[in-house]
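A.B. asks: Structure provided below as structure tokens; questions to follow.
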Amino acid sequence: MSAILRAEGVCKYFGGLKAVEAVDMEIAQGDIFGIIGPNGAGKTTFFNVCTGIYAPTQGRIYLGDEDISGLSPDKVAARGMARTFQNIQLFKYLTVRDNVKIGFHLHAKTRLWDAVLHTETYRKDEKLINEESEAILDRVGLSRYSGTMAGMLPYGVQRRVEIARALALEPRLLLLDEPAAGMNPQETMELAEFIRTLNADGYTIVLIEHDMRFVMNTCNRILVLNFGKKICEGTPDTVRADRNVHEAYFGKGLIAGEAVKKRA
């Protein structure tokens, strides 16, 4: 399959700190792709470079065939890349429907005076956005919560609402930052199934996650970072067997209770 997102030699420096150093990555259309690594490995910084929050110090980011290096987050989103954040960022005192409607802002034609005067453009936009929002909620199984205040929902459901809002951007690529953080085992299992369903519907998904079991059971390819550098990229089986990954997580010595021979 062709690459939908590609990083070539991406670096991000903050003064003398090399948060990301010469990372290459290629995500194929249709992947569920995981980015993992110990705390401080540079995962979120790399994610932020890919989504335009940070411009790369060196290297290039390509979305399809387009170089998006250094574009602002809104321009990256307009080109078809949507993301969620580690800390849920819903409008808790708005309904689930209204939270999803906000996700359509890039596609709306309404301007300030249209909204003030309730012009024909405003009425058409409002009708279309209402219909599309309900369609998304139906597709992701959240219709029963449509009129509920987002802040009153269980944590796992709030995560799904945040993802539904990202889908309103009509993304080619969906990036999820720590989607299983704070979830209990049942919620995590339901989230994994939800992500697989979205993928089956045609979405390419990239996620950062600390829950190794979740990543190994959900993703078909995984990138591993440590101290800002790529140490492994491949299938879950490849990552699971890689000595550098073991040492990054567990150090040299005991790995998950088993003795590991030191390199000769």
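A.B. asks: With unit charges on the beta carbons (Lys and Arg positive, Asp and Glu negative) and the dipole taken about the Cα centre of the chain, which residue among T188, A164, I208 sits farthest to the positive side?
C.D. replies: I208
A.B. asks: In nm, to one decimal, how far is the modelled label at R60 from the one at S146, with both set 7 Å along Cα→Cβ?
C.D. replies: Placing both labels 7 Å beyond Cα along the Cβ direction yields 4.6 nm.
A.B. asks: Moving to a separate point now. What does the helix-only formula give at 222 nm for the chain: each DSSP H stretch with n ≥ 4 adding -39500 (n - 2.57), the total divided by the residues, and the result rounded to the nearest 500 deg cm²/dmol?
C.D. replies: My calculation for the chain gives -10500 deg cm²/dmol from helical runs alone.
A.B. asks: Calculate, in nm to one decimal, what N130 and T235 gain on full extension: separation in residues at 0.36 nm each, minus their alpha carbon distance.
C.D. replies: Net length gain for the segment: 33.8 nm.
A.B. asks: Right, here's the next one. Against the longest principal axis of the chain, how steep is helix 155-167, in degrees 0 to 90 to the nearest 10, with axes from Cα atoms?
C.D. replies: Between the helix axis and the principal axis of the chain, the angle is about 70 degrees.
A.B. asks: Amide H to amide H under 5 Å from R83: which residues, 5+ apart in sequence or cross-chain, H placed 1.01 Å off N in plane?
C.D. replies: L175
A.B. asks: Additional query: Using 0.36 nm per residue of separation minus the Cα-Cα distance, give me the extension gain between D138 and E193 in nm, one decimal.
C.D. replies: The D138-E193 span can extend by a further 18.2 nm.
A.B. asks: Can you tell which of R165, R240, R97 shows the greatest fluctuation in a Gaussian network model of the chain with Cα springs below 10 Å?
C.D. replies: R240
A.B. asks: Please report, in debye to the nearest 20, how large the charge dipole of the chain is about its Cα centre when each Lys and Arg carries +1 at its beta carbon and each Asp and Glu carries -1 there.
C.D. replies: Rounded to the nearest 20 debye, it is 600 debye.
A.B. asks: How are the Cα pair distances of region 178-244 distributed, in percent, across 5 Å bins from 0?
C.D. replies: P(r) for region 178-244, in whole percents per bin: 3, 15, 26, 23, 18, 11, 3, 0.
A.B. asks: Something else now. If you roll a 1.4 Å probe over the chain with all protein chains in place, what percent of the accessible area is carbon or sulfur?
C.D. replies: Carbon-and-sulfur percentage of accessible area, whole number: 53.
A.B. asks: Can you tell me the length gained on complete extension of the stretch A28 to D67, counting 0.36 nm per residue apart and subtracting the Cα distance?
C.D. replies: Stretched out fully, the A28 to D67 stretch lengthens by 12.4 nm.
A.B. asks: Something else about it: Once both axes come from the Cα atoms, what is the angle between helix 185-200 and the longest principal axis of the chain, in degrees from 0 to 90, rounded to 10?
C.D. replies: That helix lies at roughly 70 degrees to the long axis.
A.B. asks: Can you tell me the relative contact order of the chain? Whole percent, Cα pairs under 8 Å, sequence separation 6 or more.
C.D. replies: Relative contact order of the chain: 26 percent.
A.B. asks: What FRET efficiency comes out for the pair C11/R123, r = Cβ-Cβ distance, R0 = 41 Å, nearest 0.05?
C.D. replies: Once rounded, the FRET efficiency stands at 0.25.
A.B. asks: Residue by residue through region 131-147, what is 3J(HN,Hα) from phi via Karplus (6.51 cos²θ - 1.76 cosθ + 1.60, θ = phi - 60°)? Round to whole Hz and write x for glycine and proline.
C.D. replies: 5, 5, 5, 5, 5, 5, 4, 5, 5, 9, x, 10, 4, 5, 9, 3, x
A.B. asks: May I pose another question? Which residue, R159, R123, R172, tops the fluctuation ranking in a GNM of the chain built on C-alpha contacts under 10 Å?
C.D. replies: R123
A.B. asks: May I ask you to give the solvent-accessible area per residue for region 171-244, in square angstrom, as obtained with a 1.4 angstrom probe?
C.D. replies: For region 171-244, the solvent-accessible area averages 43 Å² per residue.
A.B. asks: To continue, here is another question. Starting from the Cα gyration tensor of region 34-73, multiply each eigenvalue by 5, take the square root, and state the resulting semi-axes largest first in whole Å.
C.D. replies: The equivalent ellipsoid of region 34-73 has semi-axes of 20, 11, 8 Å.
A.B. asks: Out of residues 5 or more away from T148 or on other chains, whose amide H comes under 5 Å of its own, with H placed 1.01 Å from N in the peptide plane?
C.D. replies: The list, which skips near neighbours in sequence, is V96, R97.
A.B. asks: Suppose a student asked you for the relative contact order of region 158-211, using Cα pairs under 8 Å spaced at least 6 residues apart; what percent would you report?
C.D. replies: 49 percent
The values are calculated or read from the model by the stated rules, or taken from the named source; none is laboratory data. All values reported here derive from a predicted model rather than from experimental measurement. FYI the Cβ positions are ideal-geometry reconstructions off the backbone, even for glycines, and counts take in every protein chain you see. SASA here: full protein model, heavy atoms, side chains in, ligands and nucleic acids out. Shrake-Rupley method; radii C 1.70, N 1.55, O 1.52, S 1.80 Å.
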